[in-house]
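The values are calculated or read from the model by the stated rules, or taken from the named source; none is laboratory data. This is a predicted model, so every value here is computed, not measured. Quick reminder, even Gly has a Cβ in these numbers, built from the backbone with ideal geometry, and neighbours come from all protein chains shown.
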Amino acid sequence: MSKLKKVLNKRNKKDPNAEMSFIDHIEELRWHIVRSLIAVMVGAIVLFINTDIVFDQIIMGPSKPGFITYKYMCKLADLIQVSSLCMQEINLDFQNTELSGQFMMSFSVSFMLGFIIAFPYIFWEFWRFVKPALTPKEIRSARGIVFWSSLLFFLGVLFAYYIIAPFTINFFANYTLSPVFKNIITMSNYYSTLSDLVLGVGIVFELPVIVYFLSRIGLLTPAVMRGKRSFAILIIFVVAAVITPPDVFSLFLVCIPMLLLYEVSINISARANKDYLKRNKD
């Protein structure tokens, strides 16, 4: 039986012998989504009340010379004698070009951070929806999935915020074609760059979880991942080259965690695919 059919044949909680209709599944999914949105809203409201602190200390953090990453990178540069690690002092001027720009930005920031804070609950709601379609053995093998998925997401967010974002912002803030030109960055452009990096890398760090589920249903195998390794490495290096300053050490600083994540995903795929083959053999 396909996974899709299993999901559509999920048992009704009130009557274990009755199968839920497609409309019942849509209704159940709707309430999972509604509860997730409520969790995001609660976090967003709390953050909106403290917008000035959140924006000044968190959003604008990587644009300030005193940001913690810049301090420790300079100490590391002195320790290992790699001067390129000590990033230049940022000289950025920000501007708002829309009448309601600052007001709408406070909403965007609150919802983005609200989503990050509520991610464990959102994934738990997703897991509750999928779980009834799994066998007891599959549920046992996926024990702790909410914890590990949340941990990977937060690691990705922190890695992007404290490592990738400072390097990216510092490089582009100090890059000029000529001294005649002055970098005056719009507030929305700065925020979109930061939010795309943080959320994007957070989702990328979910790769082991995605690989696990795809391998459990036979759509992905470790052989395919090993066969495409060279292509994956090329993509990782290209992405890292775009978001880091033009020096080898910075490039590898970003590439190494991503490469390790890919290798870990291959091992996860091997274990999950082995269970899939055994289950189909039986």
Practice item. Determine, yes or no, whether residue 70 is in a helix (DSSP H, G or I), under 15 Å from residue 169 (Cβ atoms) and either touching a helix residue (DSSP H, G or I) at 6+ places or on another chain (Cβ under 7 Å) or free of Cβ contacts under 8 Å to residues at least 24 places away in the same chain (or both). Key: yes
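Please tell me if residue 198 is over 18 Å from residue 164 (Cα atoms), of a type outside the set (Phe, Trp, Tyr) and modelled with pLDDT of 85 or more. Reasoning before the result, please.
Working: over 18 Å from residue 164 (Cα atoms): no; of a type outside the set (Phe, Trp, Tyr): yes; modelled with pLDDT of 85 or more: yes.
Judged against the criteria, residue 198 is not a match.
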Taking segment 95-106 and keeping residues of a type in the set (A, V, I, L, M, F, W, C) and surrounded by 13 or more Cβ atoms within 10 Å (Cβ to Cβ) leaves 105
Flag for residue 122 being touching a residue at least 24 places away in the same chain (Cβ under 8 Å), surrounded by 15 or more Cβ atoms within 10 Å (Cβ to Cβ), in a helix (DSSP H, G or I) and β-branched (Val, Ile, Thr):
yes
When segment 176-203 is checked residue by residue, the ones that are among the hydrophobic types (A, V, I, L, M, F, W, C) and either in contact (Cβ under 8 Å) with a residue 12 or more places away in the chain or closer than 30 Å to residue 150 by Cα (or both) are 184, 185, 187, 194, 197, 198, 199, 201, 203
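Hey, among 210, 184, which residue is over 26 Å from residue 258 (Cβ atoms) and of a type in the set (Val, Ile, Thr)?
Answer to the selection: 184.
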Screening 225, 258 for residues that are at pLDDT 75 or above, within 24 Å of residue 150 (Cα to Cα) and under 18 Å from the mean Cα position of the chain (by Cα) leaves only 258
* Asked: Does residue 117 satisfy the condition of being touching a residue at least 12 places away in the same chain (Cβ under 8 Å), in contact with a Gly (Cβ under 7 Å, 6 or more places away or on another chain), surrounded by 15 or more Cβ atoms within 10 Å (Cβ to Cβ) and not assigned by TED's automatic domain parsing to the domain that holds residue 251?
  -> yes
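What residue, of 149, 141, is at pLDDT below 80, farther than 30 Å from residue 90 by Cβ and in contact with an Asp or Glu (Cβ under 9 Å, 6 or more places away or on another chain)? Walk me through how you get there before you give the answer.
On the way: 149 fails: at pLDDT below 80.
Sole residue among the options that is at pLDDT below 80, farther than 30 Å from residue 90 by Cβ and in contact with an Asp or Glu (Cβ under 9 Å, 6 or more places away or on another chain): 141.
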Considering residues that are surrounded by 14 or more Cβ atoms within 10 Å (Cβ to Cβ) and either charged (D, E, K, R) or outside any helix (DSSP H, G or I) (or both), the number found within segment 30-63 is 2
Checked segment 152-174 for anything within 17 Å of residue 70 (Cβ to Cβ) and either among the aromatic types (Phe, Trp, Tyr) or more than 18 Å from the chain's Cα centre (by Cα) (or both); matches are 159, 161, 162, 167, 169, 170, 171, 172, 173, 174
Within segment 70-113, of all residues that are touching a Pro at 6+ places or on another chain (Cβ under 9 Å) and either of a type in the set (A, V, I, L, M, F, W, C) or within 15 Å of residue 194 (Cα to Cα) (or both), the one modelled with the highest pLDDT is 73
query: Of the residues that make up segment 209-231, is at least one closer than 22 Å to residue 111 by Cβ, part of a helix (DSSP H, G or I) and out of contact with any Ser or Thr (no Cβ under 7 Å at 6 or more places or on another chain)?
result: no
